4 protein chains.
Amino acid sequence: MAEKIRVIVWNEFRHEKTSKEIGQIYPKGMHAAIADHLNTQPDISASLACLDDPEHGLTEKRLAETDVLIWWGHMAHHEVKDEVVARLQQRVLGGMGLIVLHSAHFSKIFQRLMGTTCNLWWRDDDRARYWVVAPDHPIAAGLGPYFELPREEMYGEFFDIPPPDELVLIAWFAGGEVFRAGCCYHRGHGRIFYFQPGHETYPNYYDRNVLRVITNAVRWANPTTGAVPREFGHREKPLEKPA
Amino acid sequence: MAEKIRVIVWNEFRHEKTSKEIGQIYPKGMHAAIADHLNTQPDISASLACLDDPEHGLTEKRLAETDVLIWWGHMAHHEVKDEVVARLQQRVLGGMGLIVLHSAHFSKIFQRLMGTTCNLWWRDDDRARYWVVAPDHPIAAGLGPYFELPREEMYGEFFDIPPPDELVLIAWFAGGEVFRAGCCYHRGHGRIFYFQPGHETYPNYYDRNVLRVITNAVRWANPTTGAVPREFGHREKPLEKPA
Amino acid sequence: MAEKIRVIVWNEFRHEKTSKEIGQIYPKGMHAAIADHLNTQPDISASLACLDDPEHGLTEKRLAETDVLIWWGHMAHHEVKDEVVARLQQRVLGGMGLIVLHSAHFSKIFQRLMGTTCNLWWRDDDRARYWVVAPDHPIAAGLGPYFELPREEMYGEFFDIPPPDELVLIAWFAGGEVFRAGCCYHRGHGRIFYFQPGHETYPNYYDRNVLRVITNAVRWANPTTGAVPREFGHREKPLEKPA
Amino acid sequence: MAEKIRVIVWNEFRHEKTSKEIGQIYPKGMHAAIADHLNTQPDISASLACLDDPEHGLTEKRLAETDVLIWWGHMAHHEVKDEVVARLQQRVLGGMGLIVLHSAHFSKIFQRLMGTTCNLWWRDDDRARYWVVAPDHPIAAGLGPYFELPREEMYGEFFDIPPPDELVLIAWFAGGEVFRAGCCYHRGHGRIFYFQPGHETYPNYYDRNVLRVITNAVRWANPTTGAVPREFGHREKPLEKPA
């Protein structure tokens, strides 16, 4: 496995610039915190992109050279151009992995791939414990039975998503809610992982368990080399001769 | 169960008017053939709608009084207005059942709810055998181990849909292909069933097994009375008192 | 739907006789509390069976006339005869619904049908909140977004079961755990539902939401009339003529 | 990834010794044909075991040092000792991968892990085409849209297995049947793959696509390093302080 997994960590990158408090937590942005960790791994090469880059940093050419895209957005979902969203959808269906973080449950790309509203209940400033319910799953590798975040935004059920193809984590919140916090989907030739933590006002993208899950998810979502071609159409001649 | 299940059978209703051959098979349209059968059932009340009706026959008011929508489209998917598609999506997520027939795999509403292209391989004029692979499923009620259609359009894998939440039927085609031909999905508060048969040039919507599957699917997709409310939002106060 | 759903509520029925406290909560046994409620429903006819009945009250003849079996056991799982367990397994695979309650996660029949240990973490005397995560599911009919039990035994993840075919309820416990508390399975022609509440020392089988879930589950697990026959074997002649 | 995946290829190994014809196809046994291919891979180390070895070649010690077990059996399922079957079940639930081939659908270990009869329809001497229906799946890596076997035993639906957690391959048979031919399961900490081809009278374990699927399945079933501990029991103290 000589070649590295090519990752883009995409961030709307607004909160860090408009809020002094958030800027102090993530001076280079949340995406940089995540990418810095991923780049410590021998098999991963992560780069950055954000909303205000030309074409949001997601040109056809760059996406064609990307294995896994990580997405964080919150206040400016509506500013993401529809043509880029369509491009992303095609790339995911064509095999690119997609990791959707926290408030990106409301991103255009996640809603489009899910077909549902992806709505939920929320309340800031809670305490969370994430339980592993699929201990054999590659995304759970190296975790204990659970991990905790002392401060995180509560996201609660009902979470309006399709039933996950694989449910890896369920979150417990001190305020009384539960949440399907680590959800896998298979769409076309691509794999998608939704992961709940990461409110912008807490330093949770420095947490070792959160980073472990994201790192595991990058490896899980990395498209398998040489899978079947993505082709459709009219098959004029039957495979079998008529009897 | 005094009240009947209120069904709309929607048809693009073009082939029947432009092709003499098809018009002879379905003089009142494919939707009428299906509705006529459904209306023989004591617990179902079916009405018709089609593309050329005002608002495609799918006003807010009428949809609010509909339990299950059946959809057939083929040559004019693009003529279905986006605002109506958005309305349908909200109604399905809100609980209305949706049954998607044959070439409606490419309908806007199915693509939007699935999040994938829903593309496939096809070839007209083949012979099909539909195998039950979920014998406990309500949609398989009354079927034998399989049923056959002497002429049907071949639809073949790979079918670009999300992995079905429940796979009820797999089709065998004489030309050599297989197809996931009866697929259930749960989206929001609604249930969705895709069913493969029904090419416009064959009288398959008079076939008793095809009609049995559609009738079963209507009952399965009929929304459960009194389900949990569809609400989302900010929950200001935690359910639990802080420790 | 003239005929009623024929239900057996099976109980090991030991705690109620050996503990004065438990006997006061359930004077006629937990099974009687459940059956009494079911018998208030117009479409259900429930009878009782327990461990100390001859053949545990589960003769071939009686099972052949049963649509849904509800099972509660705890301290005497090992006393259930293997031949009866084998009989139950065959009946479930043949179509009889099975509802497994609380500590019956460790019953022989549930372990055998699941193929896993069905082990978990537990701690008595906690407080539980059950969240609906499949709002369209028939078993959730009539529930709110969640319901609470002021006292219940905690069961916590990891729960060593196959990934549920449908996950309806997730439990939140005040002590910090979560649990997949309402789980559906399809096995052969039969449907199985595991439901977490029901520790013998609390009156939770009188709780209206618990009873509602059990009643819904009876209707959901009731075998569909006229499904495909359960046959297997050597098919000497191909369905198709050799080319 | 310095360490190799440690595989045992287990074979009942009777047909090859009692039938001259089969012995000529597989002079060293079907297991040896499979292991010889696996040992050409840089990341896999495969060894052999068979029914007539002491403890069927599956001692506690050897299993503890095994990552993935491949299983072929047919005429002597009943000779496999129950204590060894129990041992295998515990190892799979503890993380060991299991690949179940062809007629091993009726093996004790597969039946026990599935909880169903695993029965099906069969007919020798047919022609098969295996279609990929999960193109993103690691087990489909390197395959085309389908592959064919000119001679194989037909296995047909209904196949009495739990709905697969992931369905990778559907088989088409010339005689008219379909079959869920590549099925993934997650049980405890272990992964299980059932794969249909491999009747003893045909040289299909030399077929490059069959070997590719088995090789991919070995890598998929290889347990993830450092997953969550497999622990259960009484948790005396709550994780949270009482309010």
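Remarks
- No other residue among A:104, A:35, A:76 is buried (at least 20 other Cβ atoms within 10 Å of the Cβ) and more than 27 Å from residue B:119 (Cβ to Cβ) apart from A:35.
- The single condition among (1) within 11 Å of chain C (Cβ to nearest Cβ); (2) in contact (Cβ under 8 Å) with a residue 60 or more places away in the chain; (3) not polar (S, T, N, Q) that residue D:160 does not satisfy is (2).
- If you go through the stretch A:104-122 and pick out every residue that is more than 9 Å from every other protein chain (Cβ to nearest Cβ) and either aliphatic (A, V, I, L, M) or part of a loop (DSSP other than H, G, I, E, B) (or both), you end up with 4.
- Within the stretch A:190-211, residues that are touching a residue at least 24 places away in the same chain (Cβ under 8 Å) have Cβ atoms under 7 Å from residues that are among the polar types (S, T, N, Q) and assigned to a helix (DSSP H, G or I) in these pairs: A:197/A:204; A:198/A:204; A:210/A:204, counting only partners at least 6 apart in sequence or on another chain.
- Exclusive hit being without any contact (Cβ under 8 Å) to a residue 24 or more places away in the chain and either at the interface with another protein chain (Cβ under 7 Å from one of its Cβ atoms) or farther than 21 Å from residue D:130 by Cα (or both), set B:136, B:125: B:136
- On inspection, residue B:206 fails the criterion of being within 29 Å of residue B:21 (Cα to Cα) and touching a Cys at 6+ places or on another chain (Cβ under 8 Å).
- Restricting the stretch B:194-219 to residues that are out of contact with any strand residue (DSSP E or B) (no Cβ under 7 Å at 6 or more places or on another chain) and aliphatic (A, V, I, L, M), the residue that is farthest from residue B:37 (Cα to Cα) is B:210.
- For the condition at pLDDT 95 or above and either within 14 Å of chain D (Cβ to nearest Cβ) or over 15 Å from residue C:97 (Cα atoms) (or both), residue C:187 qualifies.
- Boolean, residue A:231 is in a strand (DSSP E or B), within 14 Å of chain B (Cβ to nearest Cβ) and either without any contact (Cβ under 8 Å) to a residue 60 or more places away in the chain or out of contact with any helix residue (DSSP H, G or I) (no Cβ under 9 Å at 6 or more places or on another chain) (or both): no
- Test set (1) under 22 Å from residue A:203 (Cα atoms); (2) in contact with a Phe, Trp or Tyr (Cβ under 9 Å, 6 or more places away or on another chain); (3) assigned to a strand (DSSP E or B) - residue A:168 fails condition number: (1)
- With respect to being surrounded by fewer than 24 Cβ atoms within 10 Å (Cβ to Cβ), hydrophobic (A, V, I, L, M, F, W, C) and under 25 Å from residue D:161 (Cβ atoms), residue C:167 fits the description.
- Some residue of the stretch A:157-164 being surrounded by fewer than 23 Cβ atoms within 10 Å (Cβ to Cβ), in contact with a Gly (Cβ under 8 Å, 6 or more places away or on another chain) and more than 30 Å from residue B:156 (Cβ to Cβ): yes
- The helices (runs of 4 or more DSSP H) falling completely within the stretch D:1-74 that include 1 or more residues that are within 20 Å of residue D:193 (Cα to Cα) map to D:30-38, D:60-64.
- Test: residue in the stretch A:196-209 that is assigned to a loop (DSSP other than H, G, I, E, B), in contact with a Ser or Thr (Cβ under 6 Å, 6 or more places away or on another chain) and of a type in the set (Gly, Ala, Ser): no
- Residue check for residue B:179: farther than 30 Å from residue A:127 by Cβ, facing another protein chain (nearest Cβ under 10 Å) and assigned to a loop (DSSP other than H, G, I, E, B): no
- Looking across D:87, D:91, D:112, one residue alone is closer than 21 Å to residue C:160 by Cβ and either of a type in the set (Phe, Trp, Tyr) or in contact with a strand residue (DSSP E or B) (Cβ under 8 Å, 6 or more places away or on another chain) (or both). It is D:91.
The values are calculated or read from the model by the stated rules, or taken from the named source; none is laboratory data. Please read all numbers here as calculations on a predicted model, not as lab measurements. In this analysis, Cβ positions are derived from the backbone assuming ideal geometry, glycine residues included, and neighbour counts consider all displayed protein chains.
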